[in-house]
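> Supplied in structure tokens, the structure appears directly below.
The values are calculated or read from the model by the stated rules, or taken from the named source; none is laboratory data. Quantities reported herein were computed from a predicted structural model and do not represent experimental measurements. All Cβ positions, even for glycine, are placed from backbone atoms using ideal geometry, and neighbour counts span all protein chains on display.
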Amino acid sequence: MWLLLNILFELILYLIIDNITKFVLIHNKNRNRFDILIYECMFLGFCIGFISIYSHITYVLICFLLIHIIGTLYTEKQFNLIKKGFQTLINTSIDICRLIINRLYNLISKYFIHRSPSKVLITKKLPEKYLYNYHVKPTDALRLQQPQTLSRCGLSNLHGATYALNPLLQSLASLNSFYPSLQKNINLSRSTYDSIVPTFINLISQLRNNHHLSEYKHWNTLIDTSSFISKLNTNYPQLLTKRTTIDIGELFQCIIDVLSNALSKQSSICSTNVIEQVQNRKLTTLSLDHLNKIFVETEAQLYNKITLDNLDAQSSYIIQYIDLTWLLHHVQLDSIIKQTFSGQMLHAYCCNNCSHVRFRTQSFQILTLPVNTRDTTLERIISQLTKIEMTDSISCTYCSSQSPNNYERESKSIKHGTLLTKIASTLSPMVTTSSQSSSQILSSTSIPRMYYPNMSTPTTIIPSITNHNHSRIKSQTMIANFPNILCIKLKRFSSSDRLSQNITKLKTNILIEPQKILDLSNIHYTTWLGLTNFSLINSSRYQLVAACLHLSRNFSSLDGHYVCLYRTNNSQWFLSDNERITEINQIDNIFQTPYVTENCYLLFYERCL
């Protein structure tokens, strides 16, 4: 009896709600029918819930509600909207489940880590036959075979987002002068440091742990980089995420900038590397205001007064200009990170008409070198830094200030060949005597503002037809000051044109000799200026410590993986591929294989003492 009464009650309730809805639809023709029908379904759902809680389960109303929903969707043709809604709901549910699983996994892992013993397990050294064989090519998973337990921790690839960060951290940990310099110059007890500084130092410390021991040791845990990543993403949002790809060189520059900003203005003392490369040591004792005053005087002395004929006589002003720009850069942007990785380039520009020479300095933390399609060696690529190039149609301020008659005579003399216009060999020095021809001044593609005062940025300007005071400018790039740790980036990635988004990788074979001392004295400015009283020639000798390789199955930069070859302080070499560390024997042979020659990308050199 009660069941029949309940069914009758539910039927009457549905008819009342349905008729009210029809009445509303008839008198509100301008309103959206679908919205009104949705409100009806919501009210039916509310009634079902209310009656089910306080009385009984309304099976009849539930059936009517389902039929009503299907009929509404069919008559209003809103199936696509519901389909998208279900897809969004399913995707959201999957993401929530994944997040819960990851949190549970991390929680369980930390629990067992804390419960595990803290001592390090010592394993026996593996037989030589199981060590890495350089003839073995990487597997399809872009990993090398024959892993073994070693004395350095691995780094897990968190959510696939740290494929570039892990080899970079392993490379930085291998630099023997870097970590002691951080310990010496950074006092972690100070509360003024940003939290990313102790996090970074702690990471490097953990990676270097037990590297001085002779016995191999196996770590039963991986180093967690999530804290450092979160702090890095605070400064650069979405820098390291699963959906973003980043170049390892750009990532290194971001880390340098973040750490430098966190450490800036913490110390007013320049590092030994900065002071030792200053020729006039008295400048290191002066205040910032005094240095700026001397810089203005020196720049005025150099402007429009140096030619090829008096270059030797003005060499003291050139050296002082380099010293001042070097000191001002580090005093104003003081940071132990910048002082460790910063070097300085000197750009020399010479007008082919008047032979006046201009100079411009530029600091760098990463020395980027172009790569072409021809197989070569690293030494040859570096030697191309001082390559001759000629740029036309650039205004020279000195030539522009001359009278039109003088300029016409100079233009005629160029046509008759009285002024040299040929480009000299890249191996010849820029200046050896005061009478050396202007054809031996080399060129780069960047032109300083002094040649075109109205330029907002250094670029190539094509003058108008009415402006005849344009010149052929030769320029040369040299190294003015060497960094303590030299980072070289081989520019393997390029696009076909500026508007193209397709970036391709050059598989050029570049031979690197890992055991050879890299001498860069031939690209120092004193060599090209013919100065023989340079006393810091040993500061230009470097030894390879780490090489980051970019591995890819195709020629795209977006599809790839980074690994790191690094040297320990006892001259052992290892390959780091995220959590896997592999010892490398016969390192010279490894660097001759296509695995390295075609993929070497970011190199870290440490200065020889």
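> For segment 590-609, enumerate the residues that are farther than 14 Å from Gln515 by Cβ and either touching a His at 6+ places or on another chain (Cβ under 6 Å) or among the β-branched types (Val, Ile, Thr) (or both).
Thr593, Thr597, Asn599, Tyr601
> Does at least one position in segment 64-80 carry a residue that is modelled with pLDDT under 80, over 23 Å from Ile17 (Cβ atoms) and in a helix (DSSP H, G or I)?
Yes.
> Hey, another quick one. Can you confirm whether segment 212-235 contains a residue that is touching an Asp or Glu at 6+ places or on another chain (Cβ under 9 Å), farther than 24 Å from Lys338 by Cβ and modelled with pLDDT under 85?
Checking segment 212-235: at least one residue is touching an Asp or Glu at 6+ places or on another chain (Cβ under 9 Å), farther than 24 Å from Lys338 by Cβ and modelled with pLDDT under 85.
> Would you confirm, using the coordinates I've provided, whether Thr457 is at pLDDT 55 or above and under 29 Å from Thr340 (Cα atoms)?
no
> Could you pull out the residue among Ile53, Ile17, Ile7, Ile48 that is loosely packed, with under 14 Cβ neighbours inside 10 Å and over 24 Å from Lys84 (Cα atoms)?
Residue meeting the stated conditions: Ile53.
> Let me ask another. Right, Asn166: at pLDDT 85 or above and not in a helix (DSSP H, G or I) or not?
no
> Ok, one more. Filter segment 385-413 down to residues that are β-branched (Val, Ile, Thr) and in a strand (DSSP E or B) and give me whichever is modelled with the highest pLDDT.
Thr391
> Residue check: is His330 within 20 Å of Ala480 (Cβ to Cβ) and either out of contact with any Gly (no Cβ under 6 Å at 6 or more places or on another chain) or modelled with pLDDT under 80 (or both)?
Criteria met by His330.
> Based on what the data block shows, is Leu558 at pLDDT 90 or above and under 25 Å from the mean Cα position of the chain (by Cα)?
It is false that Leu558 is at pLDDT 90 or above and under 25 Å from the mean Cα position of the chain (by Cα).
> Here's another thing I want to ask about it. Output the qualifying pairs, or none if there are none: Cβ atoms under 9 angstrom, residues six or more apart or on different chains, first residue in segment 84-109 and outside the structural domain of Lys242 (by TED's automatic domain parsing), second residue part of a helix (DSSP H, G or I).
Here the result reads Asn102/His159; Asn106/Ser226, each pair linking segment 84-109 to a residue that is part of a helix (DSSP H, G or I).
> When you check Ile204 against the structure, is it at pLDDT 85 or above, aliphatic (A, V, I, L, M) and touching a Lys or Arg at 6+ places or on another chain (Cβ under 7 Å), yes or no?
Spelling it out, it is not the case that Ile204 is at pLDDT 85 or above, aliphatic (A, V, I, L, M) and touching a Lys or Arg at 6+ places or on another chain (Cβ under 7 Å).
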